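What follows is a set of notes on a single structure, which appears directly below.
Quick note: the coordinates plus some simple rules give every number you see, no bench work behind them. Note that this is a predicted model, so its numbers are computed, not measured. Quick reminder, even Gly has a Cβ in these numbers, built from the backbone with ideal geometry, and neighbours come from all protein chains shown.
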Amino acid sequence: MPEDAELILNPDKTLLYRIVAAILTGLSWLLFRPRVTGGENIPRSGPVLIAPIHRSNVDFVFTLFISPRKVFFMAKQELFPVPVLGTLLRHLGAFPVARGTADRESLHLAEEVLRRGEALILFPEGTRRDGRHVEALRDGAMFVASRTGASTIPVGIAGSDLAMPAGAKLPRFKRVRVVVGAPITPPTAQGRVPRSQIAAKTEELREALEAVYHEALRDR
């Protein structure tokens, strides 16, 4: 998706959105019995960056419906021309990003979503990882937060790696626990925010993400 292409976002919960959301929520309860705490930490309005841990490809499903507000997320551009699927993705809050493009374009689109006052899912680890500890994060999340004034919400998800392990084609019946942490204020400064401050806030996010992840693991 070129940077000058129009970013199409529908903030309304359309009828199709509500139907698909009900189906996905019902399937999630049937398969994973998810329990969510801390959902009230997500602001009901204004720009907010939802930053979940990433241990499974189904993590985004648990993140879509932890707040009453509609949230947006990136999906690879090749999915959108697919009949029915592309329409469903747009109604759910997805917007296309060209696979293989530089992170710069993805961050540009993320900024635009947040500048419109919406909620955005962005995995700060950058890709799916393994293990019980949160390693060093990419600084993209806090870079975007610094440019948009968005609060960042750490989200721990425990059990998704067992419910849908890497390479699995079908989900497994496993309990999933989701813990939503307190908002982290964006890095700010007079003029351009220095990299050192973004790095410090990224480490703050890493520590908060590990804390909510371990809480989710304990209570699962």
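Structural remarks
- Averaging Cα coordinates gives a centre for the range 36-81 and one for the range 143-217; these two points are 11 Å apart.
- Contact order for the chain, expressed relative to its length and based on alpha carbon pairs under 8 Å spaced 6+ residues apart, stands at 28 percent.
- Highest mobility in the GNM of the chain, judged by mean-square fluctuation with C-alpha springs under 10 Å and restricted to GLU40, GLU111, GLU125, is found for GLU40.
- Under Karplus coefficients 6.51, -1.76 and 1.60, residue-wise ³J(HN,Hα) of the range 110-115 in Hz, glycine/proline x: 4, 4, 5, 4, 5, 5
- The chain: Cα Rg divided by the 2.2 N^0.38 Å rule of thumb: 0.98
- Table column - 3J(HN,Hα) (Hz), the range 70-82, Karplus curve with 6.51, -1.76, 1.60, x for Gly and Pro: 7, 10, 10, 8, 8, 9, 5, 4, 5, 6, 6, x, 5
- Among the trypsin sites (Lys or Arg not before Pro) within the range 11-49, those in coil by DSSP and having at most 15 neighbouring Cβ atoms inside 10 Å are LYS13, ARG44.
- The percentage of C-alpha pairs in the range 1-114 whose separation is greater than 24 Å is 27%.
- Long-range amide H partners of ALA94 with built H, under 5 Å: PHE73
- Here the Karplus relation 6.51 cos²θ - 1.76 cosθ + 1.60, evaluated at θ = phi - 60°, turns the backbone of the range 213-220 into coupling constants of 5, 5, 5, 5, 5, 5, 8, 5 Hz, with x for every Gly and Pro.
- Entries in LYS70/LYS169; LYS13/LYS76; LYS169/LYS201 that, when Cα-Cα distance is taken, lie over 30 Å: LYS169/LYS201
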